[in-house]
1. Being surrounded by fewer than 10 Cβ atoms within 10 Å (Cβ to Cβ) and touching a strand residue (DSSP E or B) at 6+ places or on another chain (Cβ under 9 Å): is that true of LEU86 here?
2. Tell me which of these TRP60 doesn't satisfy, since it passes every other one: (1) open to solvent by 100 Å² or more (accessible area, probe 1.4 Å); (2) touching a Lys or Arg at 6+ places or on another chain (Cβ under 8 Å).
3. Would you please list the contacts, defined by Cβ atoms under 9 Å and residues six or more apart or on different chains, that run from a residue in the stretch 58-86 that is within 17 Å of ALA10 (Cβ to Cβ) to a residue that is of a type in the set (Phe, Trp, Tyr) and open to solvent by less than 90 Å² (accessible area, probe 1.4 Å)?
4. Does ALA27 count as open to solvent by 80 Å² or more (accessible area, probe 1.4 Å) and among the small types (Gly, Ala, Ser)?
5. Which one of these does ALA5 not meet: (1) of a type in the set (Gly, Ala, Ser); (2) in contact with a Phe, Trp or Tyr (Cβ under 8 Å, 6 or more places away or on another chain); (3) in contact (Cβ under 8 Å) with a residue 24 or more places away in the chain?
6. Tell me, which strands (runs of 3 or more DSSP E) wholly within the stretch 9-86 include 2 or more residues that are under 12 Å from the mean Cα position of the chain (by Cα)?
7. Within the stretch 46-56, does at least one residue satisfy the condition of being at pLDDT 95 or above, open to solvent by less than 70 Å² (accessible area, probe 1.4 Å) and within 30 Å of PRO3 (Cα to Cα)?
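The values are calculated or read from the model by the stated rules, or taken from the named source; none is laboratory data. On a predicted model such as this, the values are computed, not experimentally measured, just so you know. Heads up, the Cβs are rebuilt from the backbone with ideal geometry, glycines too, and the neighbour counts pull from every protein chain shown. These area figures cover heavy atoms from the full protein model, side chains too; ligands, DNA and RNA do not enter into them. Shrake-Rupley method; radii C 1.70, N 1.55, O 1.52, S 1.80 Å.
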Amino acid sequence: MEPPAFRIAAASEADVPQILRLIKALADYEKLGHEVVATEEALHETLFGARRYAEAVIGWVGAEPVGFALFFHNFSTFRGAPGLYL
């Protein structure tokens, strides 16, 4: 039997609970779980609200989320060029 394929997909509003779970798992791994104050409501508003401050993608193996990336665009006034903070 072939293992499930890995894929990366843009996060949707339905993925907010998974994103928060992955954030908490990363914080626990870094021994910083006590620092996480993010909530599903806050993530929903900042990722999918009227003003989207960041974007997210999720890595999947089959139906299981196994990783994520949050990123936002920035702009360097010194370089006069856009950038991406990951």
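1. The answer is yes for LEU86.
2. So the condition that TRP60 fails would be (1).
3. What qualifies is ILE58/PHE68; GLY59/PHE68; VAL66/TRP60; GLY67/TRP60; LEU84/PHE71; LEU84/PHE72; LEU86/PHE71; LEU86/PHE72.
4. no
5. Failed condition: (2).
6. Output list reads 55-61, 64-76.
7. yes
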